[in-house]
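The values are calculated or read from the model by the stated rules, or taken from the named source; none is laboratory data. If you're wondering where the values come from, they're calculated on a predicted model, not measured in any experiment. Here the Cβ positions follow ideal geometry from the backbone for every residue, glycine too, while neighbour counts run over all protein chains shown. Surface accessibility is based on the protein's heavy atoms, side chains included, excluding ligands, DNA and RNA. Shrake-Rupley method; radii C 1.70, N 1.55, O 1.52, S 1.80 Å.
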Amino acid sequence: MAPAEPNAKAFEQKGEEPFFAEELPGWCGYVEWEKYPEKKKQAADILSKYDFPVPPEFQFEPLPKTNPVLEGVRWKYYHYAMGATLRDMPDISWKYVQKEKSPDMIHVLQFPYNGEPPRDRLVTTEITPNADHFVRNHGGIPEIDVEKFFFNVEGLVNTPKRITLKELQDESIFPRMTKTVTLQCSGTRRIEQIHEYPGDGDELINAPWGEGAIGTARWTGVSLKKVIKHCGGIKDGGKHVEFFGADSYFKKGQVYNYAVSVPMRKVKINEVMLAWEMNGEPLPKIHGYPLRVVVFGYIGARSCKWLYRVNVIGDPSLAPVQMKEYIYYSPQMGKHNVTYSNGFSIQTMPVSSAIMTPINHDQIIHDGKIKLTGWAYSGSGWPERVEVSGDGGGIWYEVPYEKMSKKYYHAWRIWEYEMPVDAEGWLEFCVRTWDDALNTQPTYVRSAWNWDLHVTSSCHRVKIYSINRTKEMTAKRLKQFEERGLSIWPITRPMPFDLETEEEYLQQMKLREGRDPEE
């Protein structure tokens, strides 16, 4: 078997380079696979000739201290193997990362791009700036000329139609909507599961996300319900809607177009939007320009980017992302017995929250209070109460309502709290959220562990080292460091001077009656 990252050999083309034509003029990087079974078979035959690098080991071994954290070598090689039309997708995608995202993004996976912003900045604003919004892509970024863009509505609709973006934006045909909606990747906080109980090690499906795979934007577009009505409504048996994106997706030696589905009931309550605008600006390329789906309250994977086809069907999609991925298994399921059918499909996101500052292993000098900031979210309603604990979950403090951001039905609330802290040394802070239906979070990571490491919804915990300078001994020690021009950081560095003088030691021993009793 070929070596894993980072020692993978340079890609070498096997045989004559294939050529898979782009489907449409002005749609660079879009190869249609789903309509051409023979072409899919040809691609699978080509892939079968290669001994691709195995996934990198990032669970039983420490994560690389690099940015990007993981590179995605084998995913790049899949694209290289397809020839000229997909060969440059890794470089094109990285170009848009550098152009459209903040320079200090945490690149969890270079390709297909997965990235999140720095923890502290994410919760400084109720609405996430486009440059800081997390990205979770499954393939390369197609470059589509908006003047040549359209999407098809087909399947179990009475009047299938082709609709241009200009038509979709015509308010005399389609009433426009703008909604504040949070999107969250099911991998948010996955690193906690990885550290405690490793699982499936696919670096794309199970990338080692931190707490930043969530973001909130003001999306503008049209309710899909209005679009389906424009197409004459659904026929009998139309119970699900399938979405296709123009990116290419690889799974176990096969190539597909990205495809997912949602139940029609979600469409009927106007909670599925076809969006062309994000925070008052055209969609960034990396976020699905020129048109994407936004599904309110659902796992981010259902919000298909680079939308080109809406297909009304009778049952959930059998595409791999819908059928084979984003499945929640019980703790008894794993590599030894897991199947696609013995878990359930993740749709509505559960109650979750995170402490964004301080971060795990922070060492903090304070005067009896430590400020915490974070986010709270519920896909089925809204966060009604946030509670924080300074002792691992024994005593809980409610975050005052005035320290929480505005309520939205489909969005998070960011919060802050001045935690009273008397104790010193290592402490465990944690947070939990209650939504409007009194749903709350599992207490421990183990309670929510599952083989694919999805939806880390347990109480988020950070361990911090408390140094309370209101304590007499602590104030004295801090002054000793200050007088010597030394730093107490990091706490793991040995003391550069004696802890006390011989005279102080003897005096204390006398007061403590020595080390041993007299009798």
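General remarks:
- The residues of region 382-411 that are surrounded by fewer than 18 Cβ atoms within 10 Å (Cβ to Cβ) and of a type in the set (A, V, I, L, M) amount to a single one, Ile395.
- Here region 269-311 is the region considered, the condition is being closer than 25 Å to Cys231 by Cα and charged (D, E, K, R), and the residue that is farthest from the chain's Cα centre (by Cα) is Arg309.
- Among the residues examined, Gln110 qualifies as open to solvent by 20 Å² or more (accessible area, probe 1.4 Å), of a type in the set (S, T, N, Q) and touching a helix residue (DSSP H, G or I) at 6+ places or on another chain (Cβ under 9 Å).
- Candidate set from region 364-381 (those that are open to solvent by 40 Å² or more (accessible area, probe 1.4 Å) and within 27 Å of the chain's Cα centre (by Cα)); member that is nearest to Thr180 (Cα to Cα): Ser380
- Cβ pairs under 9 Å, 6+ apart, first in region 385-397 and in the same structural domain as Leu372 (by the TED database), second surrounded by fewer than 19 Cβ atoms within 10 Å (Cβ to Cβ) and among the β-branched types (Val, Ile, Thr): Arg385/Thr440; Glu387/Thr440; Ser389/Ile395; Gly393/Thr443
- Residue pairs whose Cβ atoms lie under 7 Å apart, separated by 6 or more positions or on different chains, with the first residue in region 197-214 and open to solvent by less than 10 Å² (accessible area, probe 1.4 Å) and the second hydroxyl-bearing (Ser, Thr, Tyr), are Trp209/Thr188; Ala213/Thr188; Ile214/Thr182; Ile214/Thr188; Ile214/Tyr377.
- Flag if Gly374 is part of a strand (DSSP E or B) and either without any contact (Cβ under 8 Å) to a residue 24 or more places away in the chain or touching a His at 6+ places or on another chain (Cβ under 9 Å) (or both): yes
- Leu453 meets all of the listed conditions (1) in contact with a helix residue (DSSP H, G or I) (Cβ under 7 Å, 6 or more places away or on another chain); (2) more than 26 Å from Ile205 (Cα to Cα) but one, namely (2).
- Looking at Met473, Met509, just one residue is over 30 Å from Tyr340 (Cβ atoms), open to solvent by less than 80 Å² (accessible area, probe 1.4 Å) and aliphatic (A, V, I, L, M), and that residue is Met509.
- In the set (1) open to solvent by 60 Å² or more (accessible area, probe 1.4 Å); (2) part of a loop (DSSP other than H, G, I, E, B); (3) in the same structural domain as Pro208 (by the TED database), the condition left unmet by Gln59 is number (1).
- Unmet requirement for Pro53, which otherwise passes all of (1) open to solvent by 20 Å² or more (accessible area, probe 1.4 Å); (2) within 20 Å of Glu12 (Cβ to Cβ); (3) part of a loop (DSSP other than H, G, I, E, B): (1)
- Count of region 248-257 residues which are open to solvent by 10 Å² or more (accessible area, probe 1.4 Å) and assigned to a strand (DSSP E or B): 3
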